[in-house]
Amino acid sequence: MISFDLKCENDHKFESWFQSGDAFDRLVKAKQVICPICGNNKITKALMAPAVSRTKKNNNKNSSIATNALDYMNAMRTIRRQVEENSDYVGSQFAEEARKIHYGETDERNIFGEATKEEAEALKDEGIECERIPWVPDHDA
Ligand SMILES: [Zn+2]
């Protein structure tokens, strides 16, 4: 299970639990995620951005990944913009900051930054959800 901070078109923020990041993507696409405040179904992640683990477990989906590469890049760009707009950049302090937030040692806020695979795993072990986001370039090269 994974929880996301979500935001509707009218900027209402709410939290929802999903079976996985993929399940979230599917439900949003099917417009089955609905804002509890206004019923809007244009939902985006408000991004609490501690890292998301995006390990591809399924290697048989190469063909569909290829056809959807452009969509995927666009989606990743949107996420990147949202992260940049809504989160504090903490750089390599990411793991430390995520911990401080988790343990209430600092103000709760959205952060993003760099974490190594080991750091992300250690955070996960401590029950700190974080998501790793493929950081795509803003524009096509
Ligand atoms: Zn709403």
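Here are a few things to note about the model shown:
- Qualifying positions in region 101-114 - more than 21 Å from residue 77 (Cβ to Cβ) and surrounded by 15 or more Cβ atoms within 10 Å (Cβ to Cβ): 101, 102
- Every residue from region 107-124 that is in a loop (DSSP other than H, G, I, E, B) and over 19 Å from residue 5 (Cα atoms): 114, 115, 116
- Filtered residues of region 1-47 (kept if in contact with a strand residue (DSSP E or B) (Cβ under 6 Å, 6 or more places away or on another chain), aliphatic (A, V, I, L, M) and in a loop (DSSP other than H, G, I, E, B)): 1, 43, 46
- For residue 82, the test of being modelled with pLDDT of 85 or more and more than 20 Å from residue 123 (Cα to Cα) is failed.
The values are calculated or read from the model by the stated rules, or taken from the named source; none is laboratory data. If you're wondering where the values come from, they're calculated on a predicted model, not measured in any experiment. Cβ sites come from the backbone with ideal geometry, for glycine too, and all protein chains shown count toward neighbours.
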